[in-house]
Amino acid sequence: MSEFATAVQTLRPQLMRFARAQLRNDAWAEDAVSETVLAALATPQAFAGQSQLKTWLVGILKHKIIDALRH
């Protein structure tokens, strides 16, 4: 596993806490976090390093949560 992938996986519990607080549904939160992790790992070059990795991932997660709420 790459250093980037390890760093993303390390932040997963924090992302889950955020998603659970927003969605109030464990299954939806798990789906949103999984989609966030997949999106981040699919395009690691999109992380330009201009912010912290956690900030970038939470930004992606917010969009995934909005998508979940729309459905």
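In the chain, the DSSP-assigned H stretches of four residues or longer account for a calculated mean residue ellipticity at 222 nm of -25000 deg cm²/dmol, using -39500 (n - 2.57) per stretch and the full residue count as denominator.
Sparsely packed loop sites in the chain (the trypsin sites (Lys or Arg not before Pro) outside DSSP H, G, I, E and B with at most 12 other Cβ atoms within 10 Å) comprise Arg24. Less than 5 angstrom separates the built amide H of Leu11 from none of the residues sequence-distant by 5 or more or on a different chain. A simple rule links phi to the HN-Hα coupling: the Karplus curve 6.51 cos²θ - 1.76 cosθ + 1.60 with θ = phi - 60°, which for region 38-46 gives 4, 5, 5, 6, 6, 9, x, 5, 5 Hz, with x for Gly and Pro. Extending 7 Å from the Cα toward the beta-carbon at both Ile66 and Asn25 defines two label points whose distance is 1.9 nm.
Could you tell me how many degrees, from 0 to 90 and to the nearest 10, lie between the Cα long axis of helix 12-23 and the main elongation axis, the longest principal axis, of the Cα atoms of the chain? Here the helix axis deviates by roughly 30 degrees. Our estimate of slack between Ala7 and Ser34, defined as 0.36 nm per intervening residue step minus the Cα-Cα distance, is 8.3 nm. GNM remark for the chain: springs join alpha carbons under 10 Å apart, and the peak mean-square fluctuation among Leu15, Leu53, Leu61 falls on Leu53.
Every number in this text was worked out from the coordinates using simple rules, so none of it is lab data. Remember, it's a predicted structure, so these values are computed and weren't measured experimentally. In this analysis, Cβ positions are derived from the backbone assuming ideal geometry, glycine residues included, and neighbour counts consider all displayed protein chains.
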